[in-house]
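Visitor: This structure is in structure tokens; I'll ask about it shortly.
The values are calculated or read from the model by the stated rules, or taken from the named source; none is laboratory data. What you see is a predicted model, and the numbers here were worked out from it, not measured in a lab. With ideal geometry, Cβ positions are generated from the backbone for all residues, glycine too; neighbour counts draw on all protein chains shown. Surface areas here come from the heavy atoms of the whole protein model, side chains and all, with no ligands, DNA or RNA. Shrake-Rupley method; radii C 1.70, N 1.55, O 1.52, S 1.80 Å.
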Amino acid sequence: MDYAIETAPLETLQCDCLIVGVFQERQLSASASAINSTTQGLINKILSRGDISGKNGETVLINAIPDSSIERILLVGLGENKPLSGKNFRKALLAAINSLKKTQIKSVVCSLAECDVIACDRQWKTRQIVEVFNDAVYQFTVYKSDKETDSKVEKISITAPATELESAQTGLAQGRAIAEGINLTKLLADLPGNICTPSYLAGQALELGKKYPSLDISILEEADMEKLGMGALLSVSRGSRQPAKLITLNYQGGEKNSKPIVLIGKGLTFDAGGISLKQAPGMDEMKYDMCGGATVLGTLLAAAQMQLPLNIIGLIPSSENMPDGDANKPGDILTSMSGKTIEVLNTDAEGRLLLCDTLTYAERFNPDVVIDMATLTGACLVALGRVPSGLLGNNDALCNDLLAAAETANDSLWRLPLWEEYQELLKSNFADLANVGGKDAGTITAACFLSQFAENYHWAHLDIAGTAWRTGQTKGATGRPVPLLSQYLINRAHG
Ligand code: BES
Ligand code: MN
Ligand code: ZN
């Protein structure tokens, strides 16, 4: 998809479709009003027929415009004639792009960035148009014989007055970068486990490094991890024919001595549960257990494309979790890189085994902060459903920064407590700690486990089990939390 800013007056434009907003009670937005005058009152005529009342999310496509170089006009309801909430703005955008699907429309001009949105500037609005449109037209067609997509849209021009050109351009550039990051994250996530193995993910990271010279990629093999004493991580891949990889992405956009932001993503390319085998229904969705890792790749792509003046390290521990003669067994005791011993009471709690050694490994980068993201617990779905990702951490300032970024990016988070009392649940009779904490508070006890390996720096954990993909009829990756992390990095770059 090609995105651009358009500063020319509406009546001089040439396109397959112009998107304009209308409010309730037949009130016109500025662009609707302008186009109404140049079309002898066409918009008012359509509104007076009553087919669209102006409620947020309603749409009417006017399919022929007499004597105009604009072929069609899409009217989009914006709701009451007052500043919109950010959510309602996005809702109107989504309705607009969805109603262009299954038409032959290729070139679109969108005037909706002119809307007043509460506490949001031109930059944010322009970026949201790119992000929402990009999200809506994504379709995973890699393995379909017929690769035709519902949307035929190829070019979207976003209008801006010359006086606001600069912030529109910045919003456009950010939107493009984040959209591209999200597309990579979704594509990798939607790929099946037989294609997207740990080695494939490592290969994709190397490709990304070729495309963005500011990204340095290195891959640790099992022999390297053995030398580092990563007994927890390596125990998971022992049950799989696919060798584990620890992928490092190093982005040095900041000053040489400035401490890096470390992003860690769980890269389980398929989680069968191991000897504590999962039940069959829905097990295919465990190909998505690498969404944390895919998020790290997508976010570093976006950061590199935006050339953010920050130092960022991405770490992706990647493995499969399979049942096998050499797999972890319940009761096995492992020695992690930190020296702490772990009793494996459930081999399906494998994500924390990968992450704990990666958290220890992160210390060598002398991090400013460490943020990990993982499809870690089914319990997170029970607690929070599929709306926010879970947030837990050992530093309030970092958690608050993430909550603020989540709000701006419309990629929500909800913080859960990480109190001392919960740590009790991880006690083991035979080792320093157990890898599961029983049936209560599963998301919290998982984070408690991780916290014991993140004591030496400011750390936050995102449990994305409910948000990284959709289940059911519209099954597919969401690309979350790339928007939130990109926003956090943008905020850090300007802070
Ligand atoms: N990858 C799963 C978590 C998961 C399950 C995410 C379902 C999304 C949907 C993780 O490795 C896992 O299996 N966790 C166990 C932990 C339990 C054994 C303490 C779980 O949630 O059941
Ligand atoms: Mn598991
Ligand atoms: Zn898992």
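Visitor: What does the charge add up to near Gln40, with Lys and Arg as +1, Asp and Glu as -1, over the other residues with Cβ less than 14 Å from its Cβ?
Guide: -1
Visitor: What whole number of Å gives the distance from the Cα centroid of region 170-212 to the Cα centroid of region 235-296?
Guide: Taking the Cα centre of each part, region 235-296 and region 170-212 sit 14 Å apart.
Visitor: Something else: Between region 454-470 and region 350-374, what is the separation of their alpha carbon centroids in Å?
Guide: Answer, in whole Å: 10.
Visitor: Rg to Rh ratio, region 401-456, alpha-carbon atoms and Kirkwood radius?
Guide: Ratio of gyration radius to Kirkwood radius for region 401-456: 1.10.
Visitor: May I ask you to list the lysines whose Cα is less than 21 Å away from that of Lys101, ignoring any residue fewer than eight positions away on the same chain?
Guide: Output for Lys101: Lys55, Lys91, Lys144, Lys147, Lys152, Lys155, Lys186, Lys475.
Visitor: In whole percent, how big is the carbon plus sulfur part of the accessible area of the chain, probe 1.4 Å, protein atoms only?
Guide: 48
Visitor: Considering only DSSP states other than H, G, I, E and B, which GluC sites (Glu not before Pro) in region 114-178 qualify as loop sites with at most 14 other Cβ atoms within 10 Å?
Guide: When the GluC sites (Glu not before Pro) of region 114-178 are filtered for loop state and at most 14 Cβ neighbours within 10 Å, Glu148, Glu154 remain.
Visitor: To continue, here is another question. Is it possible to state the helix-based mean residue ellipticity at 222 nm for the chain, with each DSSP H run of 4+ residues giving -39500 (n - 2.57), the sum divided by total residues, to the nearest 500 deg cm²/dmol? What is it?
Guide: Theoretical 222 nm ellipticity from helices: -11000 deg cm²/dmol.
Visitor: Restricting to DSSP loop positions (anything but H, G, I, E, B) with no more than 16 other Cβ atoms inside 10 Å of their own Cβ, which trypsin sites (Lys or Arg not before Pro) remain in region 1-58?
Guide: Passing both the DSSP loop test and the Cβ count: Arg26, Arg49, Lys55.
Visitor: Which Cα, out of Gly54, Gly472, Gly437, lies furthest along the positive dipole direction of the chain (beta carbon charges, K/R +1, D/E -1)?
Guide: Gly54
Visitor: Moving on. Report the normalised scattering of region 2-157 as log10 I(q)/I(0) at q = 0.20 Å⁻¹, calculated by the Debye formula with identical scatterers on the alpha carbons.
Guide: For region 2-157, the Cα-only Debye profile gives -1.33.
Visitor: Next up: If you take every residue apart from Val262 with its C-beta less than 11 Å away from the C-beta of Val262, what net charge results, scoring Lys and Arg +1 and Asp and Glu -1?
Guide: Here the charged neighbours net out to -1.
Visitor: Determine the per residue accessible area of the chain with all protein chains present and a 1.4 angstrom probe, expressed in square angstrom.
Guide: With all protein chains present, the chain gives 41 Å² per residue.
Visitor: Across the chain, how large is the tail of the calculated P(r) beyond 40 Å, expressed as a percent of all Cα pairs?
Guide: Here the long-distance tail beyond 40 Å is 26 percent of all Cα pairs in the chain.
Visitor: Taking every DSSP beta bridge that has both residues in the chain, what percent is antiparallel when rounded to the nearest 5?
Guide: Expressed as a percentage, antiparallel bridges in the chain total about 40.
Visitor: Which helices, counted as full DSSP H runs in the chain, have an axial Cα extent of no less than 24 Å and a Kyte-Doolittle average of -1.0 or above?
Guide: Correct list, ordered by number: 165-190.
Visitor: If the viscosity is 1.567 mPa s and the temperature 4 °C, what translational diffusion coefficient in µm²/s does Stokes-Einstein give for region 212-296 when Rh comes from Kirkwood over Cα pairs?
Guide: The diffusion coefficient I find is 86 µm²/s.
Visitor: Here is a follow-up. For region 382-490, what is the relative contact order in percent, using Cα pairs closer than 8 Å and at least 6 residues apart in sequence?
Guide: 38
Visitor: Provide the net charge surrounding Leu402, with neighbours chosen by a C-beta distance below 15 Å and charges set as Lys +1, Arg +1, Asp -1, Glu -1.
Guide: Around Leu402, the charge tally is -4.
Visitor: Answer rounded, prolate or oblate for region 376-470, using the Cα gyration tensor with square roots of eigenvalues a ≥ b ≥ c: rounded when a/c is under 1.5, else prolate when a/b is larger than b/c, else oblate.
Guide: Verdict is oblate for region 376-470.
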